[in-house]
Amino acid sequence: QNTAVKFGTNWVAQAEHGGFYQAAADGTYAACGLDVTIVPGGPQVNNRASLLAGQIEFSMGGSSLDAFMAVQEGVPVVAVSAIFQKDPQVIVTHPGKAETFADLVKLDKLLIGDAGVITFWAWMQKAYGFKPEQREVYTFSAAPLIANENWGMQGYLSSEPFFVEKETGWKPDVFLMADAGYTAYSTTIETMAPTIAEKPEVVKCFVDGSAKGWYNYLYGDNTAANALIKADNPEMSDEAIAYGVNAMKEYGIVDSGDTETMGIGAMTDEKMADFYAKMVEVGALPEGLDIKAGYTLQFVNQGVGLDLKP
Amino acid sequence: MSGEGAAVLQMQGVTKVFNGQVMALQAMNLTVNEGDFISLLGPSGCGKSTALRLMAGLMPPTQGRILWPGGQRPGDLGVVFQEPTLMPWATVEKNVWLPLRLRGESFASVKDRVHEALALVGLDGFAAAYPRELSGGMKMRVSIARAMVTRPRLILMDEPFAALDEITRQKLNDDLLAMKAQIGCTVIFVTHSVFESVFLSDRIVVMAARPGRVVQEIAVPAATRDLAFRTSAEYAALTRDVSGALGHAMEAA
Amino acid sequence: MSGEGAAVLQMQGVTKVFNGQVMALQAMNLTVNEGDFISLLGPSGCGKSTALRLMAGLMPPTQGRILWPGGQRPGDLGVVFQEPTLMPWATVEKNVWLPLRLRGESFASVKDRVHEALALVGLDGFAAAYPRELSGGMKMRVSIARAMVTRPRLILMDEPFAALDEITRQKLNDDLLAMKAQIGCTVIFVTHSVFESVFLSDRIVVMAARPGRVVQEIAVPAATRDLAFRTSAEYAALTRDVSGALGHAMEAA
Amino acid sequence: MTMVLETATPVDSDELARAQIARRDRIMRWLIPALAVVASIGAWALYVWAYDIPHYQLPSPARVANQLLVDWQMLGVALWVTLKITAMALGVAVLGGVGLAILFNQSSTAERIFLPYAVILQVTPLIALAPLIFLYVEAPLARVLICAWIVAFFPILSNTTLGLKSTDHNLTDLFQIYRASRWQRLIHLQLPWALPYFLGGLRIAGGLSLVGAIVAEYVVGISGTSSGLAFRILEASYRLNVPRMFAAMILVAVVGVLIYAATSALSWALLHKWHESAIRRER
Amino acid sequence: MTMVLETATPVDSDELARAQIARRDRIMRWLIPALAVVASIGAWALYVWAYDIPHYQLPSPARVANQLLVDWQMLGVALWVTLKITAMALGVAVLGGVGLAILFNQSSTAERIFLPYAVILQVTPLIALAPLIFLYVEAPLARVLICAWIVAFFPILSNTTLGLKSTDHNLTDLFQIYRASRWQRLIHLQLPWALPYFLGGLRIAGGLSLVGAIVAEYVVGISGTSSGLAFRILEASYRLNVPRMFAAMILVAVVGVLIYAATSALSWALLHKWHESAIRRER
Ligand SMILES: Nc1ncnc2c1ncn2[C@@H]1O[C@H](COP(=O)(O)OP(=O)(O)OP(=O)(O)O)[C@@H](O)[C@H]1O
Ligand SMILES: Nc1ncnc2c1ncn2[C@@H]1O[C@H](COP(=O)(O)OP(=O)(O)OP(=O)(O)O)[C@@H](O)[C@H]1O
Ligand SMILES: [Mg+2]
Ligand SMILES: [Mg+2]
């Protein structure tokens, strides 16, 4: 008899959720005793609120920052694994408008969503000198970017660039924030502290299963997972999924750096502390937070699934 | 004929002041006996409608009191306001049905009575019309039919016949008297017509304006109310008396 | 005294049918001459108000036509509807001001005229009151003051004095005649009072109901309209005639 | 000179002319707005064509129409989902709005206690309420309905309250004299009197419940795979499938206009016999 | 037996009793709702305390109050921004709503042509319109106002139209007889007549323009660094600062209630002399 748990993602089903679907599809979770239901997110579906409300057991965290903020507010949400070593947040521009991330400062406007304002936009201002007036509200429509040559737009590595190219025919330039120094983990697995205390085996199964799922998804046969993704989101095309998988591999989003030895999901105190220091510097967080309360290395860095990598 | 019944209603020193300034009634005293037919007569704005509304319990007096020696205000009261006061969304027959409906009678069970009342005021052909399709006098007649349909023990009427032609008016005068004779009800009646007041009432209360007050009560000792009475010398004398009283009242104001 | 002026208004075979079924007027003919005082008399619902509204151009006849031989409907028309028709948000004086206001006169410039008109109907003390604070008769008097305040060439009045006591009524009758004599206006007047119609008018149009139609026109050849006329045998005879005509009209219906 | 008022020519041709005008009026009543719609679609097409607007900024009408056909199955399902929620939301808005209006009218104490909360519900942004709704309401349909209800009930409450309060004082007196119970007064006098006001509120709430159904979908989502128009719009916008976004928006617009037309027709049916706002005056 | 209607005791004590009841009524009018507010806050506190609800699910009132004090500077600025936008939005909603109502009333052709678009504006989800607004409107303030206007104008338009149409037929006839121009009829008759209806619409639109100001901030943002309450709510929610989120929401609620109270007071001031809905009947 498997334990039923729910995992809430941050958006409609897409390639970035592939590993979780993979583990659900091929029985990896079931093998260690979990019946996982994936609850897709959406424009305003707030799975984090569901996590706090106790309606789901795990939710997908946006970035390390989320964990720090939880600490700041004294909310017992803990990141137990970091699937994305790099935040796939990008700035998309018309081709040839900028050479480096630093050049983006010269753009007239950048379309940044509300969540971005609170996270990377503050960092961009501090680290690169963007001006508050340069921000335009991003409403998840690329039309303003396409209409204005000298604008930039926030995006998710595998989504916005793909759609812009598909609609317009030209290939936009893409600047990965992670490569510019925004060293947050992303797509973390979050759960409540009591869950860790009371049911560590459940957490362990989910973390390990997810890591294995991601290896299989990236390097193995991922058709079953993609079928699930397309079932949850009938709009998803094979082409888009392929683009996403490719981009994740190309930019080393999931599997790069620490994961080479510690396995997918790896987190280190150093990287956390480094990013926290940056956030303190830009004023997004106060000094002196016990950031270790916001994550735990208890379940990761054990090389789980390394054997699945070809 | 009447005026000999027990007192049903007493106004004792009733004063009504509107907005703390307009004194609509000043220390009005009036005793209404079972079976009385009382007319209120007086210049426009002297407080006749106000007196009627006070009796109906629609507002409390500013000073003084209104007593119902028989216990309490009778439930079966018929009333004709100075304005027709019809429900615009209901047809004529549904409007007349209202007082019966409020007693729980279904329309089917009282349809005959409703149509009888409408026939009385000469509107049988307009049962299905809406108020807006009626002339001024016709609306008023619907209001009269509504007051009559319950055959109430006490009727308050505020210039019910003012908008009617003299022949219809005379007919309704007769009908009213006939109904009164039949069911022995008590009527309090506001009118501007001296003739009408003399013809109909046992007692005529002449009022003066600003402040509204009773200046004279005139009893009409008539045995019968018919053409003979109307053409009698007594009738002519009484109308002269009442007109005179009214003239005095106007001067006094 | 009148009736000798040029024709100002002619109704030719005017028929009015409401809702394609109620025939409110049938082939009505009427010529109104400059300076005429014409009374419309008839049972309730016979089409008097309808005739007045047709003359005022508020609706087209179903058949027939209404001609203004003098050119067009005069702009300075005074009108008293059967209902007071006051603006509830305006005080009495502002209501009376309305016709002048619509001509572009500021209140300050016509305040005296407004108060004069109010004094005429005995409401000078109520200039600042709102309509809801008035008695039924007082509202009607405001409406009369409003019609008079422009001293119009043509006045249409629909039972203006029905809600008034006889003394006020007589006073206003006299005032109306005085104004007519002074400015030589034309008056078309609906009433239910045979006495009033005989006292006031040059011509009385007696109507019958369903279908509404003219059954008789009675000329009143009086040189003066005063107490003497009121007590004359001629007056008594005329009232009898008119009452008779009215009786016939009722029977005919 | 003789001038004639309104009726210059002999009787019968008069009537004829009036009838003809009436007939032309009836035709124009439909023709003009239809032409206006055609003209605005034409202007849109022309604008797109003349300025060569790229389809991902503003697609041409033809493209949108085509997309509507192509996606008809998907959009049809979404439309049906949204319609169902709209209808239910309007239903609960009417019940809640009229119910509260009656409660407030019957008890001024209740009004003073609860009216502030009704106002608060009206003004609190749904996006902010969503987490609480998530917390305390389990059933997805209930969540959606609560959201849509919050958006739509207030105009009905407010207008019905106004109507109940405006009841003619003389008629109220009449009911008092005839010893009507509060209930009878409500049923036979106040509610009919408030009907035109209520229907005015309904016309506003009709549109708002559509808005509510859509916003609710944004805010609390609709469970499972049956997505409504909101999801399709957002998704299409996200994928830059602008023609589909427009197709979905046009469906929303058409539904909105149809709801308005339906509530107006209901108004007319209930009022044309007696209320000034709806009477076509006999001329 | 003698029973007395309404006034059993001698004259003076009667009056006294009535005055006393009136005085008690006046006090109760404020006391009851105040007590209700206190009670509901108490219940909230009790619930949080008794079930030991974690503060990130539902913070206790004390915690929210404390947060309000702590964040007062930030929230005060946000409140001020939102208030300004709300006021401007209500202003344009009144202008637009009444303006359109007058236009539609004066020309039924205009009504038939443009009313459908007004309905469409009401029902189209702002989130879907946002890209178009972005594309074609430059000034940030204009964007926000357009959004808020779209949310708030319809109830005013609809109610004012209803009022203009309900004008008493006899008074209309009177104006026609006195040869009033359309303009005069509008100013001196129809607008006063529509006033109670308009004010009803205003009561609805007051809350909606607050909603509009907030939604507009979500949807098209407010330029620069001056953020309104919407941003603060969203930010607090993102940061899991639930007490601050509640503090901001409570500000919104209070503003909503104040706007409602203000529009109700305006209504009373304009109507209590003459309209049945506002007259306190002389008893
Ligand atoms: N609601 C009110 N507010 C203020 N004053 C009022 C109100 N109702 C009546 N009045 C005043 O009270 C006085 C008496 O009014 P009432 O209606 O009783 O007169 P009435 O005798 O019926 O006159 P009429 O014959 O004209 O109907 C009038 O001066 C009137 O102005
Ligand atoms: N708007 C309308 N719709 C339908 N029928 C109407 C309308 N107005 C009047 N009528 C009908 O036309 C006839 C004449 O009405 P009108 O108001 O002219 O009568 P009247 O002579 O003024 O009566 P009264 O003396 O009672 O005022 C009546 O039978 C009435 O029912
Ligand atoms: Mg009276
Ligand atoms: Mg009439």
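The values are calculated or read from the model by the stated rules, or taken from the named source; none is laboratory data. Since the structure is predicted, the reported quantities are computational estimates derived from the model, not experimental observations. In this analysis, Cβ positions are derived from the backbone assuming ideal geometry, glycine residues included, and neighbour counts consider all displayed protein chains. Keep in mind that these areas ignore ligands, DNA and RNA; they rest on the heavy atoms of the full protein, side chains included. Shrake-Rupley method; radii C 1.70, N 1.55, O 1.52, S 1.80 Å.
Report Rg/Rh for segment C:82-152, rounded to two decimals, where Rg is the Cα radius of gyration and Rh the Kirkwood radius.
Values: Rg = 10.7 Å, Rh = 11.6 Å.
Taking Rh as the inverse mean 1/r over Cα pairs, Rg/Rh reads 0.92.
Would you work out the charge dipole size for the protein assembly as shown about its Cα centre, treating the Cβ of every Lys and Arg as +1 and the Cβ of every Asp and Glu as -1, and quote it to the nearest 20 debye?
Details: 112 positive and 117 negative charges, 667 e Å.
Computed charge dipole of the protein assembly as shown: roughly 3200 debye.
The GNM of chain C, with springs linking C-alpha atoms under 10 angstrom apart, assigns the highest mean-square fluctuation among C:129, C:56, C:145 to C:129. Computed from backbone phi, the HN-Hα couplings of segment E:191-206 come to 5, x, 5, 7, 3, x, 5, 4, 5, x, x, 5, 4, 6, 5, x Hz, rounded to whole numbers (Karplus: 6.51 cos²θ - 1.76 cosθ + 1.60, θ = phi - 60°; Gly and Pro given as x).
Evaluating kT/(6 pi eta Rh) at 10 °C and 1.306 mPa s, with the Kirkwood radius of segment E:200-258 over Cα pairs in the Stokes-Einstein relation, gives 131 µm² s⁻¹. Once you order the gyration tensor axes a ≥ b ≥ c over the Cα atoms, which shape class does segment D:9-157 get: rounded for a/c under 1.5, otherwise prolate or oblate by comparing a/b with b/c? Oblate is the answer for segment D:9-157, as a/c is 1.5 or above yet b/c matches or exceeds a/b. With an a/c value of 1.5 or above and a/b larger than b/c for the gyration tensor axes a ≥ b ≥ c computed over the alpha-carbon atoms, the protein assembly as shown is described as prolate.
Here residue B:62 sits with roughly 40 square angstrom of accessible surface, probe radius 1.4 Å. What the Cα atoms of segment A:198-285 give is an Rg and a Dmax of 16.6, 44 Å. Can you list the residues of segment A:145-180 with backbone N under 12 Å from a point 7 Å past the Cα of residue A:239, pointing along Cα to Cβ? The answer is A:162-169. If a paramagnetic tag sat 7 Å from the Cα of residue E:170 along the Cα-Cβ line, which residues of segment C:96-128 would have the backbone N under 16 Å from that point? From segment C:96-128, the list is C:96. Taking amide H as placed 1.01 Å from N in the peptide plane, residue C:186 has its amide H under 5 Å from the amide H of C:35, C:154, C:155, each at least 5 places away in sequence or on another chain.
Between Rg and the Kirkwood Rh of segment C:76-215, both from Cα atoms, what is the Rg to Rh ratio? Write out the running numbers ahead of the final one.
Working: Rg = 15.2 Å, Rh = 15.6 Å.
Value, to two decimals: 0.98.
The residues packed around residue C:38, meaning those with a beta-carbon under 11 Å from its beta-carbon, carry a net charge of -2 if Lys and Arg are +1 and Asp and Glu are -1. Placing R0 at 41 angstrom, the Cβ-Cβ distance between residue C:248 and residue C:132 gives a FRET efficiency of 0.45 after rounding to 0.05.
Of the whole protein surface, residue B:248 contributes about 120 Å² of accessible area at a 1.4 Å probe radius. Which of the pairs D:273/E:273; C:16/C:139; A:109/A:166 have their Cα atoms more than 28 Å apart in this structure? The answer is D:273/E:273; C:16/C:139. In order along segment C:20-35, the phi-based Karplus estimate (6.51 cos²θ - 1.76 cosθ + 1.60, θ = phi - 60°) of 3J(HN,Hα) comes to x, 9, 7, 8, 6, 9, 10, 6, 8, 10, 7, 10, 10, 9, 3, x Hz; Gly and Pro are listed as x. For residue C:207, nonlocal amide neighbours, meaning residues 5 or more places apart or on other chains whose placed amide H falls under 5 Å from its own, are C:41, C:42, C:215.
Here the spin labels are modelled as points 7 Å beyond Cα on the Cα-Cβ line, and at residue A:298 and residue D:280 they lie 7.7 nm apart. Only protein heavy atoms count here; under a 1.4 Å probe, residue D:88 has an accessible surface of about 70 Å².
Using Cβ point charges alone (K and R +1, D and E -1), the dipole size of segment C:82-152 about the Cα centre works out to roughly 160 debye.
For the charge dipole of chain A, defined by +1 on Lys and Arg C-beta atoms and -1 on Asp and Glu C-beta atoms about the Cα centroid, which residue among A:176, A:47, A:245 has the Cα displaced farthest towards the positive pole? In chain A, that residue is A:47. What the Cβ-Cβ distance of residue E:20 and residue D:77 gives, at R0 = 60 Å and to the nearest 0.05, is a FRET efficiency of 0.35. Label separation (residue D:45 vs residue E:34): 6.7 nm, computed from points 7 Å beyond Cα along the C-beta direction. Taking θ as phi - 60° and the Karplus parameters 6.51, -1.76 and 1.60, the scalar couplings of segment E:67-82 work out to 4, 4, 5, 4, 8, 4, 4, 4, 5, x, 4, 4, 4, 4, 4, 5 Hz in sequence order, x denoting glycine and proline. Using all pairs of distinct alpha-carbon atoms, the Kirkwood hydrodynamic radius of segment D:57-271 works out to 18.9 angstrom. Each of B:83, A:16 has its accessible area taken with a 1.4 Å probe; listed largest first, they run B:83, A:16.
Between residue D:187 and residue D:52, the modelled labels are 7.2 nm apart [label points 7 Å from Cα along Cα→Cβ].
For segment B:71-109 versus segment A:1-67, the inter-centroid distance based on Cα atoms is 68 Å. The amide H of residue A:254, built 1.01 Å from its N in the peptide plane, has A:85 as neighbours under 5 Å, considering only residues 5 or more places off or on other chains.
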